[in-house]
Amino acid sequence: MARFVRPALVVLGIVLVVMLVAKSGLFDQVRDEDQLRATVESAGVLGPLLFVGLMVLLVPLNVPGVLFVVSSVALFGPVGGVLLSLLGGNLASAIGVVAARRLGRP
């Protein structure tokens with residue numbers, strides 16, 4: 001019984017994240033490129049931080065990282081987008097490794 005608790009908690013966490021994203025209206029915000037670009041520009045410094053935070057949160061949950069790379073270049077330009085993608089990808093990888101070590105088999 002105990003061996004099913006950890007996987008069940010991981011699945012529950014994924015479901016909760018998807019529900020939060022769906023309820024927050026983020027999907028509608030992302031669909032329109034002009035609206036997304038305006039939102040990111042109006043966020044100022046928080047725009048890149050939010051981008052990296054979303055990448056760190058979603059890539060370990062199997063959202064393809066290439067989606068973030070392409071969108072970051074479109075939103076932040078080639079240099080800024082690549083740098084933010086590298087930062088977010090490295091942090092997401094570290095979190096994925098730590099989660100696998102903690103939640104996986106001994």
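All but one of (1) more than 22 Å from LEU20 (Cβ to Cβ); (2) more than 16 Å from the chain's Cα centre (by Cα); (3) open to solvent by less than 90 Å² (accessible area, probe 1.4 Å) hold for ALA43; state the number of the condition that does not hold.
(1)
Give just the number: which of (1) open to solvent by less than 60 Å² (accessible area, probe 1.4 Å); (2) over 14 Å from the mean Cα position of the chain (by Cα); (3) in contact (Cβ under 8 Å) with a residue 40 or more places away in the chain does PHE76 not satisfy?
Answer for PHE76: the failing condition is (3).
Among the listed residues LEU36, LEU16, LEU61, identify the single one that is under 23 Å from ALA94 (Cα atoms) and either in contact with a strand residue (DSSP E or B) (Cβ under 9 Å, 6 or more places away or on another chain) or modelled with pLDDT under 85 (or both). Break it down into steps so the answer makes sense when it comes.
Values: LEU36 fails: under 23 Å from ALA94 (Cα atoms); LEU16 fails: either in contact with a strand residue (DSSP E or B) (Cβ under 9 Å, 6 or more places away or on another chain) or modelled with pLDDT under 85 (or both).
None of the other options fit; the residue is LEU61.
Could you please give the count of residues in the range 12-40 that are in contact with a Leu (Cβ under 8 Å, 6 or more places away or on another chain), open to solvent by less than 70 Å² (accessible area, probe 1.4 Å) and without any contact (Cβ under 8 Å) to a residue 12 or more places away in the chain?
Residues that pass the stated criteria total 1.
Considering only the range 79-99, state which residues are of a type outside the set (Ser, Thr, Tyr) and open to solvent by less than 60 Å² (accessible area, probe 1.4 Å). Outline the logic, then answer.
Going residue by residue through the range 79-99, those that are of a type outside the set (Ser, Thr, Tyr) are 79-84, 86-92, 94-99.
Once the filter is applied, which keeps residues that are of a type outside the set (Ser, Thr, Tyr) and open to solvent by less than 60 Å² (accessible area, probe 1.4 Å), the range 79-99 yields GLY80, GLY81, LEU84, GLY88, GLY89, ALA92, ALA94, GLY96, ALA99.
Would you call GLN29 touching a Ser or Thr at 6+ places or on another chain (Cβ under 7 Å), modelled with pLDDT under 85 and over 30 Å from ARG3 (Cα atoms)? Let's see the steps before the verdict.
Working: touching a Ser or Thr at 6+ places or on another chain (Cβ under 7 Å): yes; modelled with pLDDT under 85: yes; over 30 Å from ARG3 (Cα atoms): yes.
In short, yes.
The values are calculated or read from the model by the stated rules, or taken from the named source; none is laboratory data. Since we're looking at a predicted model, the values are computed, not measured. Every residue, glycine among them, receives a Cβ derived from its backbone with ideal geometry; neighbour counts consider all protein chains shown. Side chains are part of the model used for accessible areas, which takes the heavy atoms of the whole protein and leaves out ligands, DNA and RNA. Shrake-Rupley method; radii C 1.70, N 1.55, O 1.52, S 1.80 Å.
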